[in-house]
Amino acid sequence: MRDMEKCSAANVYTKVPDGGWGWVVALAFFFVEVFTYGVLKSFGVFFKDLMVYFEESNSRISWIVSICIFVMTFTAPLSTVLSNRFGHRPVVMFGGLLVGLGTMAASFARNIVEMYISIGVVCGLGFCLSFLPTVTILSQYFERRRSLVTAAASTGECFAMFAFAPAITALNDRVGWRYCLLTIGALQLNIVVCGALLRPIVIKLQEEKKEQLESAYMLENEKTLTSLDSIDSGVEVSTSPKNTPTNVKSEKRSKVLAEEQPEAQHKAPPLLDFSVLRDPSFICYALFGLFATLGFFAPSLYIIPLSLSLGIDKDRSAYMLSTMAIAEVFGRIGAGWLLNKKPIRKIYIELVFVLLICLSLVAFPFACDFWGLLVCSMFFGCMLGTVAGTHIPLLAEDDVVGIEKMSSAVGVYVFIQSISGLAGPPLGGVLVDWTQNYGSAFYSCAAGMTLGALFLALVRPCRTRLCRKKPPGPCAGEIPEDFLEMDMNQAEGLRKSCHNGVV
């Protein structure tokens, strides 16, 4: 029983470990990415079989993935509330159970509506409960290496997209789509195991600093009074440290602290801190995520139709997605390595990546042959990896909200992104139908990404302006002015007493 309690207990550190059990959490996040986003991005393998079996159009089948993405992002605040209430581990384990059961239930679907419910709603909720708490707790285990480790662990979806598509295709050809979904659902139950590895972390850094600061104040106070007591005046001062018991001083200090901060001892932290919505820097960053999400979907959805419209055969067109997946791996790891360098302003580096994505989106319609599209796909995949692997961990940076409010900020941020996730693909489809040109979808995504870059450029100025408005407090390691004034008043009183005693 004690061993079980020990295994389930939190890891307590005096500072952010930047390693230790965090490496196990990073491995768990890698496989969570494999069995969530990796499977979701490979779901297109089943489109043709589902269209034939259910006798539905391509647009109605595509709503399965659209509903899943919307539910996954729309329920992000729920994931934050549950994680703050019950902890990250049980939430991820429950999410993994929903993902596995939802996919296995889809293998028994009799119509398209049941697919909407099983894959769209059940798996979408499971993806949210699995992904967001995992990336949040991973950010808590790392500080100096946070960008690099998170980016490397997030490559799980890239490797899965590169390996799952041919593997699922081969399995589907042998056993059919129902048994294939049943097998995938059984594999996705491994998310429960990944969730069990997410030991909570407790950092006692602030408490330790506070105790050291109080000890320094008390030591300075004792030195001051002791030096005054040493005056040969014939008067024994009752307030001197040698006449005051230690427990009495501690009780008085605790009483004063309790009177000054009565609410801090009884007020529990909110399950979802909406105060981030009053932070101008977070609002700008959330608007960046809202518009930038519009630029993520076009290449993966329209690159093959665009290449087919240029006369490129179907087999060679399939290389575009594989090229994007491989390039995205290098983009994620490269961005993590670059953002890990110090000193560096990560927000501005992210801004450069976003502007390069805008350039790649505009370049797609100008490509006129196979090699041109291949180069555009490679460049876009690399730049997409730089942003996709870092935009959520950047919430933990002081330029946005900081690590203390990251849990709530992630929920609100991804919730805002859900609007673009639901509206983006239909918007691109309407433009393609209206102009009869697939390039218009890429232009619309470039416009959305440009607006996102504009709001991202405002994040740092908003944070700097907010910090200037805050009244400056005492710096760590310095003695407050009121403390010195108190000692000076005591010293003046003792001098007067000594003088009167001599007279």
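The values are calculated or read from the model by the stated rules, or taken from the named source; none is laboratory data. Fair warning: this is a prediction, and the values are worked out from it, not measured in the lab. Please note: Cβ atoms are built from the backbone with ideal geometry, for glycine as well, and neighbour counts cover all protein chains shown. Each accessible area value is taken on the protein alone, full model and side chains, heavy atoms only, with ligands, DNA and RNA left out. Shrake-Rupley method; radii C 1.70, N 1.55, O 1.52, S 1.80 Å.
Would you kindly derive the ³J(HN,Hα) couplings of the stretch 17-25 from the backbone phi angles with the Karplus curve 6.51 cos²θ - 1.76 cosθ + 1.60 (θ = phi - 60°), listing them in order in whole Hz, with x for Gly and Pro?
Per-residue couplings from phi come out as x, 6, x, x, 5, x, 5, 5, 4 Hz.
Grab the eigenvalues of the alpha-carbon gyration tensor for the stretch 1-110, scale each by 5, take roots, and send me the semi-axes largest first in whole angstrom.
Gyration-tensor ellipsoid for the stretch 1-110: 37, 15, 14 Å.
Which pairs in the list Lys15/Lys41; Lys346/Lys405; Lys204/Lys341 are over 28 Å apart, alpha-carbon to alpha-carbon?
Over 28 Å apart, Cα to Cα: Lys15/Lys41.
So, for the stretch 364-408, what is the accessible surface per residue at a probe of 1.4 Å, expressed in square angstrom?
For the stretch 364-408, the solvent-accessible area averages 36 Å² per residue.
Given a cut-off of under 8 Å on Cα pairs at least six residues apart, what relative contact order in percent is computed for the stretch 63-142?
Taking the mean separation of contacting Cα pairs over the length of the stretch 63-142, I get 49 percent.
With θ set to phi - 60°, apply the Karplus curve 6.51 cos²θ - 1.76 cosθ + 1.60 along the stretch 174-190 and write out the HN-Hα couplings as whole Hz, x wherever there is a Gly or Pro.
Couplings: 8, 10, x, 5, 5, 5, 5, 5, 4, 5, 4, x, 5, 5, 5, 5, 5 Hz.
Amide H of Asn11: which non-local residues (sequence gap of 5 or more, or other chain) have their own amide H closer than 5 Å, using H built in the peptide plane?
Residues meeting the criterion, in which the H sits 1.01 Å from N, are Ile201, Val202.
Can you tell me the length gained on complete extension of the stretch Phe330 to Asp398, counting 0.36 nm per residue apart and subtracting the Cα distance?
Difference between extended and current length: 21.8 nm.
So what J values fall out for the stretch 141-148 if you push phi through Karplus, 6.51 cos²θ - 1.76 cosθ + 1.60 with θ = phi - 60°, rounded to Hz, Gly and Pro as x?
7, 10, 10, 5, 9, 4, 5, 5
Averaging over all projection directions, find the projected area of the Cα convex hull of the stretch 334-415 and quote it in nm² with one decimal place.
Projected over every direction and averaged, the Cα hull of the stretch 334-415 covers 6.3 nm².
For Asn437, which sequence-distant residues (separation of 5 or more, or a different chain) have an amide H within less than 5 Å of its own amide H, given hydrogens modelled in the peptide plane?
HN-HN under 5 Å from Asn437: empty list.
Taking amide H positions as placed 1.01 Å from N in the peptide plane, with prolines and chain starts having none, which residues 5 or more places from Leu197, or on another chain, fall under 5 Å of its amide H?
none
I'd like the carbon and sulfur percentage of the solvent accessible area for the stretch 67-139, probe radius 1.4 Å, heavy atoms only, ligands and nucleic acids excluded.
On the stretch 67-139, the fraction of accessible area on carbon and sulfur atoms equals 80 percent.
Working out 0.36 nm times the residue gap between Leu187 and Phe366, then minus their Cα-Cα distance, what length gain in nm do you get to one decimal?
Going from the current span to full extension adds 60.3 nm.
Using alpha-carbon pairs under 8 Å, 6+ residues apart, how would you state the relative contact order of the stretch 308-397 in percent?
Reported as a whole number, the value is 50 percent.
Expressed as a whole number of Å, what is the distance separating the alpha-carbon centroids of the stretch 88-148 and the stretch 369-410?
20
Excluding ligands, DNA and RNA, what is the solvent-accessible area per residue of the stretch 12-113 at a probe of 1.4 Å, expressed in Å²?
For the stretch 12-113, the per-residue accessible area is 46 Å².
Leaving ligands, DNA and RNA out of it, report the carbon-plus-sulfur percent of the accessible area of the stretch 280-434 at a 1.4 Å probe.
Carbon and sulfur together cover 73 percent of it.
Name the shape class, rounded, prolate or oblate, that the alpha-carbon gyration tensor gives for the stretch 396-458, where a ≥ b ≥ c are the square roots of its eigenvalues, rounded holds for a/c under 1.5, and otherwise prolate holds if a/b is larger than b/c and oblate otherwise.
oblate
For the peptides 383-394, 109-120, 439-450, what is the packing order when you average, over each peptide's residues, the other Cβ atoms within 10 Å and list the highest mean first?
So the order, starting with the most tightly packed, is 383-394, 439-450, 109-120.
Tell me, what is the percent relative contact order of the stretch 325-463, built from C-alpha pairs under 8 Å that lie six or more residues apart?
Taking the mean separation of contacting Cα pairs over the length of the stretch 325-463, I get 36 percent.
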